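J.: First the structure, which I've put down as structure tokens, then a few questions once you've had a look.
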Amino acid sequence: MAHKLFDRRGDGAPPLVQRDDAGLIIDRRAVLKTAFATIGAYAATAAGVTWVIAPDRAWAMEFAAFDEKTASTLLQMARALYPHEKVGDVHYAKVVKSLDDAVAGSDDASAALAVYTDGVARLNETAGGDFNAVDADAKEAALQAEADGEDPSFFQAVRGQMVNGFYNDPEVWKIFGYQGASYEEGGYLFRGFDDLSWLPAPSKEASPPAQDA
């Protein structure tokens, strides 16, 4: 069943949206309400195009290579590999989108796509038919079986992109409270290296002011 990407409102015109470099289409008004924290995104096919969509339709992401089943399973896989309840699905979807982009841009797209469709098929089979429907323990068991299998290339491809993409996303850093690299800003010395709100302030003798080089 195809889902409508956005409800029409008021005079029948669709809400204003914008497309960013990641292929994300945003409903600005819904984003202001959710701040991307919504969990429970789903994949859908509309007019022959696969989308991953926020449950409140605050955002939608278009896919060029993955079908609905592959995209939805990879989204669930990404979250199962590195679960963070306070991180919204949009950040996991960006990782799946980056895999989709790599497949679509591959010199042998059919072979590249087969890595993911075959891997998704194995995950579903190991999970008893539907990886998305099982609980966290069953997902972990299926992922462990895939990691320990004869050809772990599918598992490593998704895991590697999570490490390199998800944890290098400045928007994810903000959620975790990480300020980002310091080198470009001149280092930490004058940027709060001693911001220890959970400890009492040291005496001036113990911690004199920093001196410019």
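The values are calculated or read from the model by the stated rules, or taken from the named source; none is laboratory data. Since this is a predicted model, take the numbers as computed values, not measurements. Because the Cβ atoms are built from the backbone with ideal geometry, glycine has one as well, and the counts that use them run over all protein chains shown.
J.: May I ask you to list the residues in the stretch 97-113 that are touching a strand residue (DSSP E or B) at 6+ places or on another chain (Cβ under 7 Å) and in contact (Cβ under 8 Å) with a residue 40 or more places away in the chain?
T.: Initial filter on the stretch 97-113 (touching a strand residue (DSSP E or B) at 6+ places or on another chain (Cβ under 7 Å)): 97, 100.
Once the filter is applied, which keeps residues that are touching a strand residue (DSSP E or B) at 6+ places or on another chain (Cβ under 7 Å) and in contact (Cβ under 8 Å) with a residue 40 or more places away in the chain, the stretch 97-113 yields only Lys97.
Rundown of residues vs (1) modelled with pLDDT under 95; (2) among the basic types (Lys, Arg), yes/no style:
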residue: Thr50; (1), (2): yes, no
residue: Phe66; (1), (2): no, no
residue: Lys69; (1), (2): no, yes
residue: Leu74; (1), (2): no, no
residue: Gly88; (1), (2): yes, no
residue: Ser106; (1), (2): no, no
residue: Ala127; (1), (2): no, no
residue: Gln144; (1), (2): no, no
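J.: Next question, about the same structure. Quick check on this structure: which one of Ala145, Ala138 is surrounded by 13 or more Cβ atoms within 10 Å (Cβ to Cβ), part of a helix (DSSP H, G or I), without any contact (Cβ under 8 Å) to a residue 12 or more places away in the chain and among the small types (Gly, Ala, Ser)? Explain how you work it out, then say what you get.
T.: Numbers: Ala145 fails: without any contact (Cβ under 8 Å) to a residue 12 or more places away in the chain.
After applying the criteria, what remains is Ala138.
J.: Taking the stretch 118-139, which residues are within 21 Å of the chain's Cα centre (by Cα) and within 11 Å of Met77 (Cβ to Cβ)?
T.: Once the filter is applied, which keeps residues that are within 21 Å of the chain's Cα centre (by Cα) and within 11 Å of Met77 (Cβ to Cβ), the stretch 118-139 yields Gly119, Val120, Leu123, Asn124, Phe131, Asn132, Lys139.
J.: Next up: Of everything in the stretch 81-100, what is surrounded by 21 or more Cβ atoms within 10 Å (Cβ to Cβ) and either over 8 Å from the mean Cα position of the chain (by Cα) or not hydroxyl-bearing (Ser, Thr, Tyr) (or both)? Give them in sequence order. Write out each step before concluding.
T.: Of the stretch 81-100, the ones surrounded by 21 or more Cβ atoms within 10 Å (Cβ to Cβ) are 88-90, 92-97, 99-100.
If the condition is that a residue be surrounded by 21 or more Cβ atoms within 10 Å (Cβ to Cβ) and either over 8 Å from the mean Cα position of the chain (by Cα) or not hydroxyl-bearing (Ser, Thr, Tyr) (or both), then Gly88, Asp89, Val90, Ala93, Lys94, Val95, Val96, Lys97, Leu99, Asp100 are the ones that fit.
J.: Pull up the stretch 91-129, narrow it to residues that are in contact with a Lys or Arg (Cβ under 8 Å, 6 or more places away or on another chain) and among the aliphatic types (A, V, I, L, M), then point me to the one that is farthest from Glu68 (Cα to Cα).
T.: Ala127
J.: Any idea which of Tyr92, Tyr82, Tyr116 is touching a Ser or Thr at 6+ places or on another chain (Cβ under 6 Å), of a type in the set (Phe, Trp, Tyr), under 30 Å from Pro55 (Cβ atoms) and touching a residue at least 24 places away in the same chain (Cβ under 8 Å)? Steps first, please.
T.: On the way: Tyr92 fails: touching a Ser or Thr at 6+ places or on another chain (Cβ under 6 Å); Tyr82 fails: touching a Ser or Thr at 6+ places or on another chain (Cβ under 6 Å).
Answer to the check: Tyr116.
J.: Also, quick follow-up: Kindly evaluate Gln156 against the criterion of being part of a helix (DSSP H, G or I), modelled with pLDDT of 90 or more and more than 11 Å from the chain's Cα centre (by Cα).
T.: Working: part of a helix (DSSP H, G or I): yes; modelled with pLDDT of 90 or more: yes; more than 11 Å from the chain's Cα centre (by Cα): yes.
Criteria met by Gln156.
J.: May I pose another question? So in the stretch 32-48, with the set limited to residues that are part of a strand (DSSP E or B) and of a type in the set (A, V, I, L, M), which one is modelled with the lowest pLDDT?
T.: Ala46
J.: Turning to a different aspect of this structure: Would you pick out the residues in the stretch 101-135 that are of a type in the set (Gly, Ala, Ser) and either touching a helix residue (DSSP H, G or I) at 6+ places or on another chain (Cβ under 7 Å) or surrounded by 13 or more Cβ atoms within 10 Å (Cβ to Cβ) (or both)?
T.: Keep residues of the stretch 101-135 that are of a type in the set (Gly, Ala, Ser), which gives 102, 104-106, 109-112, 114, 119, 121, 127-129, 133.
Across the stretch 101-135, the qualifying residues are Ala102, Ala104, Ser106, Ala109, Ala112, Ala114, Gly119, Ala121, Ala127.
J.: Same structure, new question: Anything in the stretch 164-176 that is under 16 Å from Ala102 (Cα atoms) and either in contact with a Phe, Trp or Tyr (Cβ under 9 Å, 6 or more places away or on another chain) or touching a residue at least 60 places away in the same chain (Cβ under 8 Å) (or both)? List them, or say none. Lay out the reasoning, then the answer.
T.: Within the stretch 164-176, the first condition is being under 16 Å from Ala102 (Cα atoms), and the residues that meet it are 164-166.
Of everything in the stretch 164-176, those that are under 16 Å from Ala102 (Cα atoms) and either in contact with a Phe, Trp or Tyr (Cβ under 9 Å, 6 or more places away or on another chain) or touching a residue at least 60 places away in the same chain (Cβ under 8 Å) (or both) turn out to be Gly165, Phe166.
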